[in-house]
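First the structure, in the form of structure tokens, and then the observations on it.
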Amino acid sequence: MVQEDSLGPLDQAAVLQVVGRALVDAVPAGWHRIRFEFRGTVQIDGARLESIAADGSATRHSVPKVAMREFDKLRAAMYQPDTGAWFTARYSIERTGDYTIEFDYDNEPDFTPQLTAGAYALDFQHYPRDEQHTPEWLRDRLREAQAD
């Protein structure tokens, strides 16, 4: 039940530019770095946006809706049949305009409260993975969901 959306590398870069502009617009002037973390499953997502000042202090901000929408699309578009879909993306923008992006396919996302096993089972139905790319914590959640 995988969506057929497929973004090539150039389209992914375009999404990151759109989101990057929205993030920059969402924080007040004077930031040194912007950190955006998106956590997602097929049914539930969450995010955190922070600006970091030159002295290292962090301030949280409201996440722009466009960032949530675009990262949901990006997650679907980046799905790989063997590897699955990533659960967490970390996007950092420097004052210079340089940025880094990290996609975490393997670690349990940091949802508060933590998601139910059924939420991960539904995600696995939409974005299946092979055994080699299914981390132990996800196997445990899938077993829990089957037991319910």
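Here are some notes:
- Qualifying residue in segment 57-66 (condition: out of contact with any strand residue (DSSP E or B) (no Cβ under 6 Å at 6 or more places or on another chain) and modelled with pLDDT under 95): no
- Any hit, segment 20-35, residues being within 17 Å of the chain's Cα centre (by Cα), touching a residue at least 24 places away in the same chain (Cβ under 8 Å) and either within 30 Å of D130 (Cβ to Cβ) or surrounded by fewer than 12 Cβ atoms within 10 Å (Cβ to Cβ) (or both): no
- When T96 is tested against the conditions (1) assigned to a helix (DSSP H, G or I); (2) among the β-branched types (V, I, T); (3) free of Cβ contacts under 8 Å to residues at least 24 places away in the same chain, the lone failure is (1).
- Hey, W137 touching a residue at least 12 places away in the same chain (Cβ under 8 Å), part of a loop (DSSP other than H, G, I, E, B) and not aliphatic (A, V, I, L, M) or not: no
The values are calculated or read from the model by the stated rules, or taken from the named source; none is laboratory data. Fair warning: this is a prediction, and the values are worked out from it, not measured in the lab. Cβ: placed from backbone, ideal geometry, glycine included. Neighbour counts: every protein chain shown.
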